Amino acid sequence: MLTMQNSLSVNKLDLYSRGIKALRDILGTVDTEEFISLVKSDNFDYTLWQRQHFDQKTPEQINQEAEEYVLAHPYSGDPSTII
């Protein structure tokens with residue numbers, strides 16, 4: 001029987017696996033390992049980094065960049081898949 005705790009563990013494992021796969025697809029195995037090592041050794045705070053990055057931009061700039069990204073990277077996957 002799958003308990004709530006086991007379900008959360010499976011979801012975390014799935015998310016971890018998908019994240020590592022995404023990094024490997026983009027960076028390759030060696031750079032993925034280097035990236036993880038850097039993040040862990042620097043006590044990297046992703047939330048703080050995002051805040052510093054996006055606080056320098058206006059909502060209009062963020063929207064424009066998002067639109068440009070969508071146009072340059074059209075979704076080619078299965079539309080029934082929810083990520």
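Using 1/(1 + (r/R0)^6) with R0 = 25 angstrom and r between the beta carbons of Tyr16 and Gln64, what's the FRET efficiency to the nearest 0.05? Calculated transfer efficiency: 0.15. Match the structure shown to one of the listed values [x] 12.8, 42; [y] 20.5, 58; [z] 17.0, 49 of Rg and Dmax of the Cα atoms in Å, computed from it, and give that label. Of the labelled values, this structure produces [z]. In the chain, the DSSP-assigned H stretches of four residues or longer account for a calculated mean residue ellipticity at 222 nm of -24000 deg cm²/dmol, using -39500 (n - 2.57) per stretch and the full residue count as denominator. Available extension along the chain between His73 and Asp25 is 15.8 nm, counting 0.36 nm per residue and deducting the alpha carbon span. With K and R counted +1 and D and E -1, the other residues having a Cβ less than 15 Å from that of Arg18 yield a net charge of 0. Free of any chymotrypsin sites (Phe, Trp or Tyr not before Pro) that DSSP assigns to a loop and that have at most 16 other C-beta atoms within 10 Å, the longest stretch within the chain is 1-43. Against the chain, whose longest principal axis comes from its Cα atoms, helix 4-27 is set at around 50 degrees.
Each value in this text was obtained by applying a stated rule to the coordinates, not by laboratory testing. Just so it is clear, the structure is predicted and the values come from calculations on it, not from any experiment. Positions of Cβ are generated from backbone atoms using ideal geometry, with glycine treated the same way; all protein chains shown enter the neighbour counts.
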